[in-house]
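Have a look at the structure below, then the notes.
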Amino acid sequence: MSPENRQAVLSPAAAHKFELIGRISSGLAHELNGPIGIAMGFSELAKEAIDASTSPELSQADTSKVRGYLDMIESASLRARDLSRGIWNFAKAEPGTTENIDVVKLLDSVQELTAPAVKVAQIDVARRENPSGVSEARSHADFALCQQLLVELVLASTESIPGGGLVVWQVSPDAEGVVNIELVAEPWNENPTSAWVIPEYVRESFNDMGGSIANAVQTPVKSQTADNDDDLIGWRVLATLPPASSN
């Protein structure tokens, strides 16, 4: 890609970056309440267990109890750290470097970033359960740019399934090494009233990286909550990224 084309791709991406950071941060602030509350609660229980001890040294039972509380505090703290580190890394990432990347790892990061933001719209983000799913798929692409494009696309799903639902993703390389990305918006219990819109700069950016992204198409999906077997209508988006480079 020429420097002129690269700038044409990155300029609209930069314009959208601050809006995405705001939307992600809003969800993150709400999500952090969980681990912070857990850490505070178990800290209080640990102090109470120590204060309630009748001897200068804790008994084995008391020690085990306090250790359990400390483990919960550590787990909650790590969760809070990972959430804040994810948004920090996203905010400081600068598109412009094309290299061999792991697209599975890319989608994992997109899921981590977007899940708190779309949860307020009653939407979950998850990898599709698939016994034949790959653990790694390499592509020669711009990790930071791809991450932003896919974050934008997942956040846009809220308009296509206003009643809530599930966004599932899967990654699969073909025989030529082209990496296929599938995203499906599955409503919980009611058909969508709006299309899953792909912003134009997202489409152009995929094309300029040597990949592609097609318009969202309607696809039948099973209701996530209803007891009957009637199909609902969801949305399916297919994107590709170029094969990994051998250089």
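The values are calculated or read from the model by the stated rules, or taken from the named source; none is laboratory data. Keep in mind it's a predicted model, so treat the numbers as computed, not measured. For neighbour counting, all protein chains shown are included, and Cβ atoms are generated from backbone atoms with ideal geometry for every residue, glycine included.
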In the range 88-106, anything surrounded by 13 or more Cβ atoms within 10 Å (Cβ to Cβ) and not polar (S, T, N, Q) is listed as Phe90, Ala91, Ala93, Pro95, Gly96, Ile101, Asp102, Val103, Val104, Lys105, Leu106
Expected single match for assigned to a helix (DSSP H, G or I) and touching an Asp or Glu at 6+ places or on another chain (Cβ under 9 Å) among Ile21, Ile50 is Ile50
Taking the criterion of being over 30 Å from Lys222 (Cβ atoms) and not in a helix (DSSP H, G or I), would at least one residue in the range 70-83 satisfy it? no
Answer yes or no: is there a residue in the range 166-184 that is buried (at least 24 other Cβ atoms within 10 Å of the Cβ), outside any strand (DSSP E or B) and either of a type in the set (S, T, N, Q) or over 14 Å from the mean Cα position of the chain (by Cα) (or both). no
Scanning the range 114-133 for residues that are assigned to a strand (DSSP E or B), more than 26 Å from Glu99 (Cβ to Cβ) and β-branched (Val, Ile, Thr) gives Ile123
Of the residues in the range 134-145, those that are assigned to a loop (DSSP other than H, G, I, E, B), touching a helix residue (DSSP H, G or I) at 6+ places or on another chain (Cβ under 6 Å) and either of a type in the set (Ser, Thr, Tyr) or surrounded by fewer than 20 Cβ atoms within 10 Å (Cβ to Cβ) (or both) come to Glu136
Requested in this report: Taking Asn247 as the residue in question, decide whether it is closer than 22 Å to Thr98 by Cα and assigned to a loop (DSSP other than H, G, I, E, B).
Outcome: yes
Residue in the range 134-144 that is at pLDDT below 95, within 27 Å of Glu99 (Cα to Cα) and aromatic (Phe, Trp, Tyr) present: no
Just one listed residue, out of Ser139, Ser172, Ser132, is under 24 Å from Pro242 (Cβ atoms) and without any contact (Cβ under 8 Å) to a residue 24 or more places away in the chain, and it is Ser132
Taking the range 68-98 and keeping residues within 28 Å of Pro242 (Cα to Cα) and among the basic types (Lys, Arg) leaves Lys92
Sole miss for Gln111 among (1) assigned to a helix (DSSP H, G or I); (2) exposed (fewer than 15 other Cβ atoms within 10 Å of the Cβ); (3) at pLDDT 85 or above is condition (2)
Within the range 187-198, of all residues that are surrounded by fewer than 23 Cβ atoms within 10 Å (Cβ to Cβ) and modelled with pLDDT of 90 or more, the one farthest from Ala214 (Cα to Cα) is Ala195
For this session: State whether one or more residues within the range 194-204 are touching a Ser or Thr at 6+ places or on another chain (Cβ under 8 Å) and not in a loop (DSSP other than H, G, I, E, B).
Result: no
TODO: Output yes when any residue across the range 199-214 is surrounded by 14 or more Cβ atoms within 10 Å (Cβ to Cβ), within 19 Å of the chain's Cα centre (by Cα) and of a type in the set (Gly, Ala, Ser), and no when none is.
DONE: no
Selection from the range 105-129 of residues in contact (Cβ under 8 Å) with a residue 24 or more places away in the chain and more than 12 Å from the chain's Cα centre (by Cα) yields Val120, Ala121, Gln122, Arg128
Residue hits (the range 21-63; closer than 30 Å to Glu152 by Cβ and β-branched (Val, Ile, Thr)) are Ile21, Ile24, Ile36
